[in-house]
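Before any comments, here is the structure.
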Amino acid sequence: MRHLSVPLRVGPVTLPNRIVFPAHLTNFAVDGGFTERHAAYYAARAAGGAGLVVTEECSTDPADRSYEKLVRGHDPAVLPGMRRVAEAVHAHGVPVFAQVNHNGGQSDSLHSRMPVLAPSPVPDPLFREVPREATTADLARLVAGYADVAARCAAAGFDGVEVQASQSSLVRQFLSRATNRRADRYGGPLESRARFLVEVLTAVREALGPGRALGVRLADEEGLHGGTALAEAVATARLLADRGLVDHVSTTVGVATATLDRVVPPMTTPPGYARYLSAAIRSAVGVPVIGVGRFLTPAQAERALADGDCDLVGAVRAQIADPGFAAKALTGRDGEVRRCLGCNQECVGRVGLNRPLGCVTNPRAGREAPLPVPRRRRRVLVVGGGPAGLRAAATAAARGHAVTVWEQADRTGGAIRVAASAPGREGLRPLVDDLAAECARAGVALRTGVRATAARVRAEAPDVVVLATGARAVRPDWAGEGDRVVDVRDVLTGAVEPTGDVLVVDDLGAAAATSVAVLLAARGCTVEVVTAALVVGQDLGLTLDRPGWERRAAELGIRRTTERLVTAVDGCTVRLLHHPTGAAEERTADWVVAATAPRADDELWSALRDSGLEVHRVGDCLAPRRAGAATLDGDRVGLAV
């Protein structure tokens, strides 16, 4: 990785390499302050080789409370927490910048009980609250707030500050014609719309003093009607660089509300999708440019640098999934990188639910701690080679236990490998592939084609048994006796091949129903998806898969029907109930494909629970849930045995 390993100066600060851990929300804050959890989280990425760490946003105004766990940078009480973060990162010889921000109109008055402030009274499409238009006196106060927080960052020992003008930012709202309708000197042509940003940067530079870097993160394409497009973002970056206001420009695409699926895109988005943006900015400025865009592997990051698209590569989710991403890249171990899936279940979905950030691939993200040393080496038998079993095996083996995995199928992967066969879900496959490789490196004995029985487990006489036997499909009560009602797994494995008119029943709300609907429609079936919920695939909104699903469904002519319960299937007749009104309906379908709740496959647990062996259950064998729960279960048991 010749380009990734080259040091680079950003203003007065020297970075040891070109890999950046950019700013992103964690929801780790307590009472508006940085915590020990923050410090351990950022330090793990610094220890893992990142050349620069940029913390999540620090709010610059007491009235800016867009979400509960916002770091209140304006409060002097945050200084000790800031110092802990800076010291934790510096302990690994890595510079750390703090991002400072005001969310402006991308907020509501729920927390502050004060009107939201924005350039113009244009409501954000997510929050829908009409803001108060900021006066010039407001802007002077806000500029002073940015400077005050920057001075606090300097006092805490941060090496620099990055002003957010991107995903969720008052500054971005001033820059964008879509949200700035002002007729005074802060509105109109670009130079006037950039005036507030120029004033902020000027004040922050003075507050930082010498020896510290100052950067800006710009939204290069908002994806909004009438919003900022690339040409104007390039002009903004050139204006700032030509005036010597910034030492680096960090790039982004999308807006954190209306076009969030472009900011943190799902797995259907190709790696490096935003490289053209940083390339355009880099061609216009003489300061280092950070490129982003779903870099999953070190090779993809190296290629972006080699092609001249950016000077530094920002990789958030890749380093959440593997804190050692950078070190592995720089020491020739890039094949050992634990890859991000782009599933957005734990990093985006949990944060969206006001919970702390997590990761399906890395269940210890946000819970960083050294592996505990076991009191003695034990023989651990794991039954089931899906994500829960493989994670349990890898963690237990990393702690020094002797671990064997029995998998009934001819290869590991379990339900994840089946799910990954669906259109648009191929990105799930690295979860089990990388876990199997991690197990092999840790010395786990992986044995496929082994059917576990209670007698066979007892004969093996392990010290510990971990059951990861998954879940099995259950025929719904309404399915009747016909053979044309099948489970989604039957379709994905090729056990059945429905044709003609197909009704897909979505009881799960995730990607199972929608992905199999796409598969069947692409094969020429006429497909209708029916759900009792208000929308088909209701949880796809959390993972930002909904826009892509809706586009694909429209392209393929997939009908989406909501608020209907299936009550019975009689031959080709499907009876539905519109539950808000009680009205009965009927459909005629050649096949019915059910995405309905499975049942834990716990027969082996029942046979072994009173055997005298130490037996644990993980994943769907314990309770059918999603992949993040499976890997978390496996890690917990791997740490406990």
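The table that follows gives values for the structure above.
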{"item": "Qualifying residue in segment 304-315 (condition: in a loop (DSSP other than H, G, I, E, B) and among the hydrophobic types (A, V, I, L, M, F, W, C))", "result": "yes"}
{"item": "Any hit, segment 45-57, residues being farther than 30 Å from residue 304 by Cα, of a type outside the set (D, E, K, R) and buried (at least 20 other Cβ atoms within 10 Å of the Cβ)", "result": "no"}
{"item": "Residue that is touching a strand residue (DSSP E or B) at 6+ places or on another chain (Cβ under 9 Å) and hydroxyl-bearing (Ser, Thr, Tyr), where the choices are 493, 526, 543, 453", "result": "526"}
{"item": "Residues of segment 325-344 satisfying the condition of being of a type outside the set (Val, Ile, Thr), surrounded by fewer than 20 Cβ atoms within 10 Å (Cβ to Cβ), assigned to a loop (DSSP other than H, G, I, E, B) and on the phi < 0 side of the Ramachandran plot", "result": "333, 339"}
{"item": "Pair list, Cβ < 9 Å and 6+ apart or interchain, from segment 222-241 residues that are over 15 Å from residue 167 (Cα atoms) and modelled with pLDDT of 95 or more to residues that are of a type in the set (Asp, Glu) and outside any helix (DSSP H, G or I)", "result": "234/220; 237/220"}
{"item": "Number of positions in segment 546-570 that are not polar (S, T, N, Q) and not in a strand (DSSP E or B)", "result": "14"}
{"item": "Matching residues, segment 411-448, being within 24 Å of residue 515 (Cβ to Cβ) and assigned to a loop (DSSP other than H, G, I, E, B)", "result": "411, 412, 413, 420, 421, 422, 423, 424, 425"}
{"item": "Residue match in segment 425-434 (condition: modelled with pLDDT of 95 or more and farther than 30 Å from residue 368 by Cβ)", "result": "no"}
{"item": "Boolean, residue 237 is assigned by TED's automatic domain parsing to the domain that holds residue 293, in a helix (DSSP H, G or I), of a type outside the set (Ser, Thr, Tyr) and crowded, with 22+ Cβ neighbours inside 10 Å", "result": "yes"}
{"item": "Those residues of segment 597-617 which are in a helix (DSSP H, G or I) and surrounded by fewer than 18 Cβ atoms within 10 Å (Cβ to Cβ), in sequence order", "result": "603, 606, 607"}
{"item": "Residue among 453, 469 that is under 22 Å from residue 388 (Cβ atoms) and surrounded by fewer than 21 Cβ atoms within 10 Å (Cβ to Cβ)", "result": "453"}
{"item": "Among the candidates 529, 502, residue that is free of Cβ contacts under 8 Å to residues at least 60 places away in the same chain, farther than 30 Å from residue 633 by Cα and part of a strand (DSSP E or B)", "result": "529"}
{"item": "Breaking point among (1) assigned to a strand (DSSP E or B); (2) without any contact (Cβ under 8 Å) to a residue 60 or more places away in the chain, for residue 537", "result": "(1)"}
{"item": "Subset of segment 130-163 (residues that are touching a Ser or Thr at 6+ places or on another chain (Cβ under 9 Å), of a type outside the set (Asp, Glu), outside any helix (DSSP H, G or I) and within 17 Å of residue 202 (Cα to Cα))", "result": "163"}
{"item": "Counted residues, segment 64-95 - those being of a type in the set (A, V, I, L, M, F, W, C) and part of a helix (DSSP H, G or I)", "result": "8"}
{"item": "Condition check for residue 53: in the same structural domain as residue 33 (by TED's automatic domain parsing), within 21 Å of the chain's Cα centre (by Cα) and under 16 Å from residue 146 (Cβ atoms)", "result": "no"}
{"item": "In segment 586-641, residue farthest from residue 507 (Cα to Cα) [restricted to those that are among the β-branched types (Val, Ile, Thr) and touching an Asp or Glu at 6+ places or on another chain (Cβ under 6 Å)]", "result": "618"}
{"item": "Set 170, 218: member being buried (at least 24 other Cβ atoms within 10 Å of the Cβ), over 22 Å from residue 20 (Cβ atoms) and in contact (Cβ under 8 Å) with a residue 60 or more places away in the chain", "result": "170"}
{"item": "Test for residue 112: is it hydroxyl-bearing (Ser, Thr, Tyr) and surrounded by 22 or more Cβ atoms within 10 Å (Cβ to Cβ)", "result": "no"}
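The values are calculated or read from the model by the stated rules, or taken from the named source; none is laboratory data. What you are looking at is a predicted structure, and each value in this text was computed from that prediction instead of being measured. Here Cβ is always computed from backbone atoms with ideal geometry, including for glycine, and neighbour counts include all displayed protein chains.
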